[in-house]
1. Assuming R0 = 56 Å, can you tell me the calculated FRET efficiency for the pair Glu508 and Gln204, based on Cβ-Cβ distance, to the nearest 0.05?
2. Cross-link candidates for Lys160: which aspartates and glutamates have Cα within less than 13 Å, leaving aside residues fewer than 8 places away along the same chain?
3. Go through segment 304-311 residue by residue and turn each phi into a ³J(HN,Hα) via Karplus (6.51, -1.76, 1.60, θ = phi - 60°); whole Hz please, and just put x for glycine and proline.
4. Quick one: which residues, 5 or more positions from Asp517 or on another chain, have an amide H under 5 Å from its amide H? H modelled 1.01 Å from N in the peptide plane, none for Pro or chain starts.
5. For a 32 Å ceiling on Cα separation, which of these pairs sit above it: Lys303/Lys379; Lys211/Lys303; Lys328/Lys470; Lys303/Lys403; Lys302/Lys423?
6. Using a basic spin-label model with each label point 7 Å from the Cα along Cα→Cβ, how many nm lie between Ser215 and Arg613?
7. Stretched out fully, how many nm does the piece from Glu588 to His195 gain, at 0.36 nm a residue minus the Cα gap?
8. Which order do Ser116, Ser292 fall in if you start with the one that has the fewest other Cβ atoms within 10 Å?
Amino acid sequence: MPSAAILYSAPQANKRRLLWPLLLLSTLLWGCGGQKPLAPVTQQADPSSGRVVITNPPPGTVPIRNMTQSPPPPGSTVSRPILPPVQIAPEPVQVTPSATGKPAPGAATASAKAASPEERALQEAENLYSQAKLPEAWQLWAAIANGTEFPSAIPFYTDKAWQRLLESYLFQASADNTPHFLHAVAEFEPTASQHRILQDMLAQQPRERLKYLLSLQPANSLLAAALRAPIPEHSPSSKPEESMTATAPALALSTAITQPALSAPAATSATMPAAPARKVGLLLPMSGKWSSMGEHLRRAAKKALADYPTTPIQLQIADSGETAESSKKGIQELLNQQVDVIIGPVFYATVQPAIEMASAAQIPIVTLNPQREGDSLPKGAFSNAFQPEQQAKIMAKHAVVDKKLTRIAILAPESEYGRGVAKTFTDEAHALGGAIVRSAYFAQDANDFSPWLKALGTQYDALFLPASAKQVRLIAPQAAAFRTGNQKITLLGTSLWNSPELLAEGGEYLEGALFCDVDNQAKEQFRQSFRQTWEEDPSALAILAYDGVAMIAQLLQDQPMQSGKITPSALTRPGGFRGANGTLRFLENGLSRRPYSIFQIEGGQIRQQQAVRDALAIP
């Protein structure tokens, strides 16, 4: 007998089966005609902020608001920044700018492939920022905002990037990340609209936050002048008597504009006018097979800017190429930019035409190529290089005067370098009373040096080897074999020896050998600093490029010039400059001089012995 539950459910199931067709029919009828049509959604650029906003959002949607967040108090820790979101259209669009530089209404397309380089770069910067890669995001935002890295330089994009750069820094500024921010804006020149954006954003900051931000800035950083402006009246803790300065100085341009020190209360923009930014031209191989070298040298120059953030320097870079013609084109570009001084070029073929054109324009030029023996430099031209002739003179004097080695032989590579260094060593040794008994020049690709060692004979007590570390470690055991039964000789070398490869094998034959090079400690300190900035070791040429910019920065720092030119006499000042590896100075003949030390091989190790006292005075 069926249960009561079954009897009750059967009629209900029949009713449900009858209702399904009616429900389906009503749903279809509502979808076709019963739904209220949606209003079209339009987007346009807000002229005040540059953001793309929705003008008529669908009913029921939550409007997007720009929210200004209060920054954390000094010393607080923020695990993850929360900043106003960037409003992004539902689909990637390309905004076509109008003649005024602002996006024209209705000019957007829905093609992601048509996005401009600026739009893609802005999105990439946002991605970097979301991954907490602050230095990288700041660098990219600054490149867009400065308008130099992208073809259009449209205010819509440059101002947007500038705003995002400032938002992130003002919110997250600290003593640790401020150097990265200063590095990103090292070459920045704010426009009038960007100046207003900065002032508006600072006006929203509490007074205590402004004071904290100012404490992080070098005296003449890009933000220091704006931060010294009077605190707005609506700031919660603002008091007239606590105003930082009496007047609001103009925003500093370029890397930095000379401004009074923060500790000098009476120095304001009215009493201390800002000095103009000095344009330093870099003539480097930025194209062709040596473009990676040029980029490496450009990074070295920017490292110098970061190390001297308070000096008014603006870098102008031109491509020297590899030929005389490309060098002339590059130097003309720099002259058209009205640079105050030129650093570069590198290759010898590009140096002479650059010197001639710079000298004709009366612009000082500091090349990065050693000067050839017998060449003369015109007034205003300088050679910033590790001069091999200086090293040859140092070793000749150390051998003859300090070590009393009066009979010396020379074995050098058959090259312009080998012949030039050998001649300088010979002349200096003779002038000091020594004797060069014989000289020989080996093929640069040689591995067996016995023919040349045999030609030298055995009548000498020192052998000068201006060769590479790899060649020297091969020559040393062969030289010892030729002198079996004779008195041991002293091997003499140059900075080319200072390499771990020197003692890779056969180190016992180099015991007691001597060479000269710059101070190891200074070299290592700069290497670590450069690696921390660029994650690579600096080359010898990078040191020269760094020194060139650092020298101009020190000149402007020590002797601020409100007007006038950088003169050759300023570059030959007796005290010289602080270089990456120690003091750097220029002689009146345009040649550079650096301090050197004597190194000796002892116990299978390279040991620094003593500094050469008169290295900077060697003519």
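1. Step by step, r from the Cβ atoms, then E = 0.20.
2. In chain and number order, the partners are Asp46, Glu118, Glu119, Glu126.
3. Karplus-based 3J(HN,Hα) across segment 304-311 equals 5, 4, 5, 6, 10, x, 9, 9 Hz.
4. Ser597, Phe599
5. Lys328/Lys470; Lys303/Lys403; Lys302/Lys423
6. If labels sit at Ser215 and Arg613, their model points lie 4.9 nm apart.
7. 137.1 nm
8. Working: Ser116 17, Ser292 10.
By the 10 Å Cβ count, ascending, the order reads Ser292, Ser116.
Laboratory data are not the source of any read-out in this text; all were calculated from the coordinates shown. This is a predicted model, so every value here is computed, not measured. Virtual Cβ from ideal backbone geometry, glycine too; neighbours counted across all protein chains shown.
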